[in-house]
Amino acid sequence: MTHKEILEALSGLLIAMFVAILSSTVVTNALPRIVADLHGTQTGYTWVLVATMLAMTATTPIWGKLADLFSKKLLVQIALVVYVAGSALAGLAQSMSWLIGARVVTGLGVGGVMALIQIIIGSMVSPRERGRYSGYIGASFGLATLAGPLVGGVIVDSPLGWRGCFYVGLPFAIAAFAVLQTKLHLPTVKREVKIDYLGATLIMGGVSLLLIWVSLAGQQFDWVSATTAWMVIGGLAVLAAAVFVEARVAAQPIIPLELFKDRTISLATIAAILVGVVLLAGTTFLSEFFQTARGMSPTHAGLMSLTMVVGLMGTSIVSGRLISATGRWKIWLVAGMADLAVGTVLLSTIDHTTSLWLIGLYMFILGLGLGATQQNLILSVQNNVDQANIGAASSVVNFFRTLGGAIGVSAFGAVLSHQVASHVEDGIPGLIQSGQITAAQAGALGHGDVPAVASLPDALRELYEGAFGDATGHIFLFGIPCAVLALVVVALIKETRLRTTLDKIEEPELDLELAAELGVGEKL
C-alpha cells in the first residue's frame with residue numbers, strides 16, 4: 001500500500017479506535033450519577049466496568065484468531081455493529097442488571113475493534129515504518145481519552161442526562177464502518193478453518209470465574225471460605241483444561257502456546273498484565289475520586305484528566321517518530337515503565353486534601369509512561385512473528401493487558417468498597433452522638449451504596465469524602481509492586497532490529513565493503 005492508501009485506511013481505523021475508547025471514557029464520569037439514579041452499590045459500580053472488560057478479555061484472543069482465518073475488514077465491521085447494539089441497549093437501561101448485561105455486549109464489540117485495529121495495522125505497515133503512524137494512533141487515543149470525560153460530563157449535566165452518553169459514539173461508529181468499507185483493502189488468505197470452540201469456551205469460563213470471585217469476595221462472602229475455595233479451584237481447573245486443549249487437542253488453537261517460546265513475547269505478555277492493572281484500575285477510580293471525594297461536577301472531573309492525556313499523547317507521538325528514525329525501541333519501553341512506576345508511587349500519596357495541582361502533575365507523569373509503553377509493547381511482539389500469526393500474537397498482548405485491567409478493577413474495586421464502607425460505618429456513631437446527624441439520616445445510607453454526595457448532610461458528606469479520598473490513594477499503593485515488576489520485566493527484553501518487511505523473512509546482510517566502494521557506506 002502507498003502512503004496515501006495507508007492514511008486513507010488508517011483514518012477509518014482511527015475513527016473505530018476513537019469509538020472504542022470513547023465507549024469507556026465517556027461513561028466513566030457519568031457512572032456516579034448513573035449508579036445513584038439506578039440505586040446501585042459500589043459493587044454495582046465496579047461491575048459496570050468489569051463486565052465490559054470481562055467481555056473484552058475473554059473474546060480478544062478469539063477475534064485475533066479469526067483475523068488469521070477470515071477477512072479482517074469484515075470482522076472489524078462486525079465488531080462495530082456489536083458495539084452499536086450494546087450501546088443502544090445500555091442507553092435504555094432501567095436497572096443495574098440491565099446496564100451490566102448491555103455493557104457485556106458492548107465489551108464484545110469493543111474487544112474486537114481494539115484487537116483488530118492493531119492486527120490490521122500490522123498487516124499494512126512493516127515494524128520499522130509503524131512508528132511513523134503510531135503518532136496518529138497515540139493522538140487518536142489521547143483525543144478519545146480527553147474528549148470522553150469532557151463530553152460525558154457535559155452530556156450528564158445537560159437535559160439529555162446520562163443516557164445520552166451511550167449514544168454519542170454511534171455516529172462515529174457508522175462513519176468508521178463506511179470509511180473502512182471504501183478504503184480498507186487487504187488480501188484474505190484462504191485456508192482451512194477449524195475454530196477452537198472448546199478452547200474459547202474454557203478460556204472464557206476460567207477467566208470469568210476468577211474475576212467474579214475477585215470482585216465479590218470480602219462482600220458477598222469471606223475471602224477465606226468454602227465459596228472462595230470452589231471458585232478459585234474451579235477457575236484454575238478450567239484454565240488448566242484450556243491449556244491442555246490449546247497444547248494437545250486444538251488443530252488451530254485460539255492462543256498458540258508455541259508463541260511463548262519466544263522470550264520477547266513471553267516478557268511482553270507479563271508486562272502487559274502489569275501495565276493493565278495500573279492503567280485501568282488507576283484511571284477508572286480517579287474519575288470517581290474527583291466527583292465523590294472532591295465534590296466536582298462530571299465536566300470538571302473530565303478536565304482533570306487533561307494532564308495525563310497530554311503526557312500520553314506527547315510520548316506516544318515522539319517515541320513513534322524516533323523509533324522509525326533510529327530503529328531503537330527498548331529504551332522507550334524502559335523509560336516509560338520507569339515513569340509509570342514513579343507516577344504510581346506519587347499517586348499512592350493522595351487523599352481528599354491533596355492539592356489538585358499536585359494530583360495533575362502526578363497524572364502527567366503517569367501519562368508519560370503509558371504513552372511510551374502501550375503501542376511499543378505490541379510493536380515488539382509483532383516484530384517477532386510472521387503474518388500468519390500476527391493476529392494471534394497481537395491479541396495475546398491485548399488479552400493479557402485487558403485481563404490485568406479487569407483483575408485490577410475487580411480487586412481494587414473490592415478493596416475500595418470495603419475500606420469506604422468500614423470508614424463510614426466506624427464514623428457514623430460519633431456523628432450521631434455529637435448530634436451532627438440523626439439516626440434516620442444515617443440509616444438512609446445503605447451498606448455499600450454510592451450516594452449522591454452533594455445531597456448528604458454536611459457532616460456525613462465530609463465523612464464520605466474523607467473515606468473515599470483516603471481509599472483511592474491506597475489503590476495506587478497496591479499498584480506499586482505491579483509497576484516496579486513491569487519495569488524489571490521490560491528491562492529483560494532483548495532488543496532486536498525492527499524489520500522493514502511486512503512478513504518475517506530472512507533479510508540480506510549488508511555488504512560493507514561493496515558499500516564503501518560505491519561511496520555510500522558512510523550514509524548507510
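Figure legend. Inter-residue proximity from the stretch 367-379: first residues in contact (Cβ under 8 Å) with a residue 40 or more places away in the chain, second residues surrounded by fewer than 24 Cβ atoms within 10 Å (Cβ to Cβ) and not in a helix (DSSP H, G or I), beta-carbon distance below 9 Å, spacing 6+ or different chains. Indicated pairs: Leu379/Leu498. Restricting attention to the stretch 365-384 and to residues that are of a type in the set (Val, Ile, Thr) and open to solvent by less than 10 Å² (accessible area, probe 1.4 Å), the residue that is farthest from Gly336 (Cα to Cα) turns out to be Val381. Only one of the listed residues (Thr46, Thr41, Thr57, Thr28) is touching a residue at least 12 places away in the same chain (Cβ under 8 Å) and in contact with a strand residue (DSSP E or B) (Cβ under 6 Å, 6 or more places away or on another chain). That residue is Thr41.
Total residues in the stretch 84-98 satisfying the condition of being open to solvent by 30 Å² or more (accessible area, probe 1.4 Å) and either assigned to a helix (DSSP H, G or I) or of a type in the set (Gly, Ala, Ser) (or both): the figure is 7.
The set of residues in the stretch 396-436 that are under 30 Å from Glu258 (Cα atoms) and either in contact with a Lys or Arg (Cβ under 7 Å, 6 or more places away or on another chain) or open to solvent by 20 Å² or more (accessible area, probe 1.4 Å) (or both) comprises Phe400, Arg401, Leu403, Ile407.
Conditions (1) open to solvent by 10 Å² or more (accessible area, probe 1.4 Å); (2) part of a helix (DSSP H, G or I); (3) β-branched (Val, Ile, Thr); (4) in contact with a Lys or Arg (Cβ under 8 Å, 6 or more places away or on another chain), marked per residue:
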{"position": "Val50", "(1), (2), (3), (4)": "no, yes, yes, no"}
{"position": "Met53", "(1), (2), (3), (4)": "yes, yes, no, no"}
{"position": "Lys65", "(1), (2), (3), (4)": "yes, yes, no, no"}
{"position": "Ala79", "(1), (2), (3), (4)": "no, yes, no, no"}
{"position": "Val82", "(1), (2), (3), (4)": "yes, yes, yes, no"}
{"position": "Val110", "(1), (2), (3), (4)": "no, yes, yes, no"}
{"position": "Met114", "(1), (2), (3), (4)": "yes, yes, no, no"}
{"position": "Gln118", "(1), (2), (3), (4)": "yes, yes, no, no"}
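Candidates are the residues of the stretch 154-169 that are in a loop (DSSP other than H, G, I, E, B) and either hydroxyl-bearing (Ser, Thr, Tyr) or open to solvent by 40 Å² or more (accessible area, probe 1.4 Å) (or both); the one that is farthest from Leu92 (Cα to Cα) is Ser158.
When the residues of the stretch 21-48 are filtered to those that are open to solvent by 30 Å² or more (accessible area, probe 1.4 Å) and under 21 Å from the mean Cα position of the chain (by Cα), the one that is modelled with the highest pLDDT is Trp47. Within the stretch 78-134, the set of residues being within 14 Å of Tyr167 (Cα to Cα) and of a type in the set (Ser, Thr, Tyr) comprises Tyr83, Ser87, Thr106.
Taking each residue of the stretch 146-169 that is within 17 Å of Ala102 (Cβ to Cβ) and looking for partners that are charged (D, E, K, R) and assigned to a helix (DSSP H, G or I) with beta-carbon atoms closer than 9 Å, six or more apart or interchain, yields Gly161/Arg33; Gly161/Asp37; Trp162/Arg33; Trp162/Asp37. Does Thr228 satisfy being closer than 30 Å to Leu366 by Cβ and modelled with pLDDT of 85 or more? No, not satisfied. Exactly one residue out of Phe70, Phe18 is modelled with pLDDT under 80, under 26 Å from Ile121 (Cα atoms) and of a type in the set (Phe, Trp, Tyr), and it is Phe70. Restricting the stretch 350-359 to residues that are over 16 Å from Glu465 (Cα atoms) and either buried (at least 16 other Cβ atoms within 10 Å of the Cβ) or of a type outside the set (Phe, Trp, Tyr) (or both) leaves a set whose member that is nearest to the chain's Cα centre (by Cα) is Ile359.
Scanning the stretch 199-242 for residues that are of a type outside the set (S, T, N, Q), in a helix (DSSP H, G or I) and surrounded by fewer than 16 Cβ atoms within 10 Å (Cβ to Cβ) returns Ala226, Ala229, Trp230, Val232, Ile233, Gly234, Leu236, Ala237, Ala240. Annotation: of all residues in the stretch 293-319 being within 20 Å of the chain's Cα centre (by Cα) and of a type in the set (Gly, Ala, Ser), the one that is most open to solvent (accessible area, probe 1.4 Å) is Gly314. Applying a threshold of 7 Å to beta carbon distances and a minimum spacing of six or more residues, or different chains, the list of pairs starting in the stretch 340-357 at a residue that is in a loop (DSSP other than H, G, I, E, B) and ending at one that is crowded, with 17+ Cβ neighbours inside 10 Å and at pLDDT 90 or above reads Ile350/Ile359. May I ask you to verify whether Gly276 is buried (at least 21 other Cβ atoms within 10 Å of the Cβ), outside any loop (DSSP other than H, G, I, E, B) and in contact with a Pro (Cβ under 8 Å, 6 or more places away or on another chain)? Spelling it out, it is not the case that Gly276 is buried (at least 21 other Cβ atoms within 10 Å of the Cβ), outside any loop (DSSP other than H, G, I, E, B) and in contact with a Pro (Cβ under 8 Å, 6 or more places away or on another chain).
Of the set (1) closer than 30 Å to Gly367 by Cα; (2) open to solvent by less than 30 Å² (accessible area, probe 1.4 Å); (3) modelled with pLDDT under 85; (4) not charged (D, E, K, R), all apply to Leu267 but (3). For Thr264, the test of being in contact (Cβ under 8 Å) with a residue 60 or more places away in the chain, of a type in the set (Ser, Thr, Tyr) and in contact with a helix residue (DSSP H, G or I) (Cβ under 8 Å, 6 or more places away or on another chain) is passed. Scan the stretch 299-339 for residues that are hydroxyl-bearing (Ser, Thr, Tyr) and part of a helix (DSSP H, G or I) and jot them down. Answer for the stretch 299-339, where residues must be hydroxyl-bearing (Ser, Thr, Tyr) and part of a helix (DSSP H, G or I): Thr299, Thr307, Thr315, Ser316, Ser319, Ser324, Thr326.
Contact map, the stretch 300-322: first residue closer than 22 Å to Leu498 by Cα, second residue open to solvent by 20 Å² or more (accessible area, probe 1.4 Å) and among the aliphatic types (A, V, I, L, M), Cβ cut-off under 6 Å, separation 6 or more or different chains; pairs are Thr315/Leu368. Of everything listed in (1) buried (at least 24 other Cβ atoms within 10 Å of the Cβ); (2) under 16 Å from Ile378 (Cβ atoms), the single unmet condition for Phe290 is (2).
Pairs linking a residue in the stretch 398-423 that is more than 19 Å from Thr52 (Cα to Cα) to a residue that is open to solvent by less than 10 Å² (accessible area, probe 1.4 Å) and outside any helix (DSSP H, G or I), with Cβ atoms under 8 Å and 6 or more positions apart or on different chains, do not occur.
The values are calculated or read from the model by the stated rules, or taken from the named source; none is laboratory data. Note that the structure is predicted; figures quoted are calculated from it, not measured. We place every Cβ from the backbone using ideal geometry, glycine too, and count neighbours over all the protein chains shown. Ligands, DNA and RNA are excluded from the accessible area calculation, which covers all protein heavy atoms including side chains. Shrake-Rupley method; radii C 1.70, N 1.55, O 1.52, S 1.80 Å.
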